[in-house]
Structure formats: C-alpha cells, structure tokens
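Here's the structure we're looking at; comments come further down.
The values are calculated or read from the model by the stated rules, or taken from the named source; none is laboratory data. Everything numeric in this text was worked out from a predicted model, so none of it was measured. Virtual Cβ from ideal backbone geometry, glycine too; neighbours counted across all protein chains shown.
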Amino acid sequence: MSTSPVDRLTERQRECLRLLFAHHKPGQIATELGISTDRVNQILKSAREKLGVSRSIEAAIMLAEAERPLSQNVGDLNVGLSTIGRKEDEAVSSDEETARRTIDTLAEAPTPFHEGHAPTSSPPLWPMPTSDRPFNELTWYQKFGWALAIALAATVLAGAMVSLQNAIH
C-alpha cells in the first residue's frame, strides 16, 4: 500500500496550508491559529519539504487536490485538476500558468474545509502567556512594541507624578 506524501502532513501543517490556499498571508494565519509568524513559516517550510515542492502555494494546491474529488464535471467538459485550462491536444505553456489556472478554478469551487467559515477577529497578543496560548510566541517586533509601550507608559506616569508633587508643594 503506497501512501501519498500528503498523508505524512501533520494536522497543523494541513491547517496552515488550507488557510494559505484561502489566500491568507502568514501573518493572518499566525493570528488565526494563535502562533507566531515565524512558527507559521517553519510549519510551511516543513510541509514543503515533506511534499518535495519549493513554494508553499504548490503544497497548498497539492493538499487541496488530495482533499477534494479528482474531477468535477461541468456540463460536457470534464474539469479535472490535471487538465484545468487545457484542451486535450494542447501543451501547457508553463508551470506558472497551470498553477494560476488551478488556483483560480479551485478558488471558485466550494471547498470542504471552508464551508461556513467566517473571518473571526483575533484576541490581542498579550506579552505574557494566557490560558489559550500557554507559551509566549510573540515575534521580536511585537515584543519590542510591548517594551516600548510599557516604557512610554512608565515615563508618562512618572511625569504626572512629578507634576502632581510640584503642584502640592
């Protein structure tokens, strides 16, 4: 029994690839899953390595192809994923054109993992672990932003205290 490379993907890799296939950027995927953008990029990289492709969108397309029927009949025209945008005797001009056509065709058809999916707002990223996110997975610039915000708040508070003390004396 031969297994497909797609079968070796972890559930987290599948989630990231599904969101990428739905036109989410790594930052949006990170927010949706409650992990850092760096972690999303690591997950996508390991998925690419498992599938033997160089681009994440190729991996996402492979997963989408594996999770849906091999073809969809539209009238008299059989629109399978391997024949998208081609006539039987016509050669494909480039891999990029095929990938673009595949993405366009798959984006138009409902996919099983997006039915009923509505964008959700994500909770703010606090600089400490929470019950929903037990590890601090903020990126370096998010950590720097929090440090800057805390320093600014401390400066303003110190200034207000000095002004209040001067007003009293």
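Go over the candidates GLU65, GLU11, GLU15 one by one and state the one that is farther than 23 Å from THR139 by Cβ and at pLDDT 90 or above.
Only one candidate passes the filter, namely GLU11.
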| Taking interchain pairs and intrachain pairs at least six residues apart, which have beta carbon atoms under 9 angstrom, with the first residue in segment 1-21 and within 13 Å of ALA64 (Cβ to Cβ) and the second at pLDDT below 90 and among the basic types (Lys, Arg)? | none
| field | Scope segment 22-54; condition in contact (Cβ under 8 Å) with a residue 12 or more places away in the chain and more than 25 Å from LYS143 (Cα to Cα); matching residues | value | ALA22, HIS23, SER46, ALA47, LYS50, LEU51, GLY52
| remark: Here the residues within segment 1-38 that are surrounded by fewer than 19 Cβ atoms within 10 Å (Cβ to Cβ) and in contact with a Lys or Arg (Cβ under 7 Å, 6 or more places away or on another chain) are PRO5, ARG8, GLY34
| remark: For ASN41, the lone unmet condition from (1) in a helix (DSSP H, G or I); (2) crowded, with 17+ Cβ neighbours inside 10 Å; (3) not hydroxyl-bearing (Ser, Thr, Tyr) is (2)
